[in-house]
Amino acid sequence: MAKTALITGVTGQDGAYLSQLLLQKGYKVYGMVRRSSHLGVNSHRLEWLGIANDIEYADGNVTDLSGLCRLVRAIQPGEIYNLAAQSFVKTSWDQPILTGQVTGIGAVNILEAARLEAPEARVYQASSSEMFGLIQEAEQKETTPFYPRSPYAAAKLYAHWMTVNYRESFGMYSCSGLLFNHESPLRGLEFVTRKVTDAVARIKLGKLDRLEMGNMDAKRDWGHARDYVRAMWLMLQQDKPDDFVIATGTTTSVRDMVDIAFKHAGLNMEDYVRINPAFYRPAEVDVLLGDASKARDQLGWEPEVAIVELIQEMVDADLARYSSK
Ligand code: NDP
Ligand code: GDR
């Protein structure tokens, strides 16, 4: 019989790539979507991948435990991937309560629904390198102490420890993936890589004349979302549940990432980029650099796409998108 997976956050970047991977593996994929006033599912990413009609959609919201229980009882998924979140760090200072409810409590609702209605289900929780925050060790691994620097990171840390706690308290197969930044042509436009590649494409095509940026000195360990969803799946296929850092092991400044994008389009960033303090954050995570050796050794996971190739793919996709409009 086909394996069954329930994905929350199926309409987001990772939900789309993970759905594609699971469908390729023969899974029946249930995607949980938030009800909204516009018709149908916000499925543009799933359409881009050509899989929008291959998913069974189910209404639900991670803040609503009774609805989640009904859904999990009906589907009896073998695997649950909790990707739903208020995922934009900057917004978390303006909406700290909502971020706590969705990104923090939402994860506990998923764990509770699984515990009560499908206790054998394997649960993946989307944890984040943002939990490392103010860095305590030059390279962050599973044992590095956490120091969250935003309401988002604090909410994720709560969800992370609850995932560990449900494993230790109830013997559930619940895993936390400590994923570093991962991007793709399907990345939301508010995140820095996509904001940049989208702007570069518009500048190149004469539709925009400048790009306003925040802190160009921040450094991130950026990988490709397609590589990272593979790690999520691998985490749920092990004999024992465990937590893993997923990263490339290379860190790049925002400035250098912007330079890669402009150069790929044959442009000089100095001619277009301005700093706007409105894009600075109340507290910054200055540098992230992950050590994914545990995932390499135990899961056999390795990233296939490095930063230059990633940014070039994103610029090319945005150029194609705007050229066809
Ligand atoms: P996106 O922002 O692209 O997607 C977020 C998803 O969550 C969307 O499908 C959104 O639905 C859904 N969602 C938001 N609120 C709710 C709610 N209350 N109930 C149900 N669904 C909801 O995020 P990514 O795909 O980039 O990330 C996936 C997960 O991984 C997130 O939890 C994120 O915090 C985490 N993460 C991401 C990293 C990255 O670099 N991308 C790194 C580490 C962790 P809708 O379409 O309706 O808005
Ligand atoms: P991040 O991603 O906060 O790391 O969280 P984001 O792309 O928003 O910021 C990365 C870094 O770039 C700096 N920056 C800017 N950021 C944005 N968005 N816009 C700008 O104009 C800009 N200028 C500079 C930021 O200050 C920051 O240092 C992402 C999300 O996907 C989280 O959900 C996830 O958990 C983490 O990655 C790992």
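Per residue, the convex hull spanned by the Cα atoms of region 1-96 amounts to 112 cubic angstrom.
When shorter helices are ignored and each DSSP H run of at least 4 residues is given -39500 (n - 2.57), the per-residue value for the chain at 222 nm works out to -11000 deg cm²/dmol. Protection proxy ranking, highest mean first, for peptides 132-143, 19-30: 19-30, 132-143, where packing is the per-residue count of other beta-carbon atoms within 10 Å, averaged. Which residue, chosen from Leu21, Ala58, His182, occupies the Cα position most advanced towards the positive end of the dipole of the chain, where the dipole is computed from +1 (Lys, Arg) and -1 (Asp, Glu) charges on Cβ about the Cα centre? About the Cα centre, the residue reaching furthest to the positive side is Ala58.
Set against the 2.2 N^0.38 Å expectation for a compact globular protein, region 117-224 has a Cα radius of gyration ratio of 1.38.
Available extension along the chain between Thr63 and Asp209 is 48.4 nm, counting 0.36 nm per residue and deducting the alpha carbon span.
Each Cα pair of region 67-143 feeds into the Kirkwood radius, which the Stokes-Einstein equation turns, at 20 °C and 1.002 mPa s, into a diffusion coefficient of 152 µm²/s. Working value for the chain: equivalent-ellipsoid semi-axes of 32, 23, 19 Å, each the square root of 5 times a Cα gyration tensor eigenvalue, largest first. Inter-label distance, Ala2 to Asn165: 3.7 nm, where each label sits 7 Å from its Cα along the C-beta direction.
If the segment from Leu267 to Lys90 were pulled out straight at 0.36 nm per residue, it would be longer than the present Cα-Cα gap by 60.9 nm. Highest-first packing order for the peptide set 168-177, 32-41 is 168-177, 32-41, based on the mean count of other beta carbon atoms within 10 Å. Counting only DSSP beta bridges with both residues in the chain, the antiparallel share comes to about 5 percent.
Bear in mind that the values in this text are calculations on the coordinates, not laboratory data. Computed from a predicted model, the values in this text were never measured in an experiment. Positions of Cβ are backbone-derived with ideal geometry, glycine not excepted, and every protein chain shown enters the neighbour counts.
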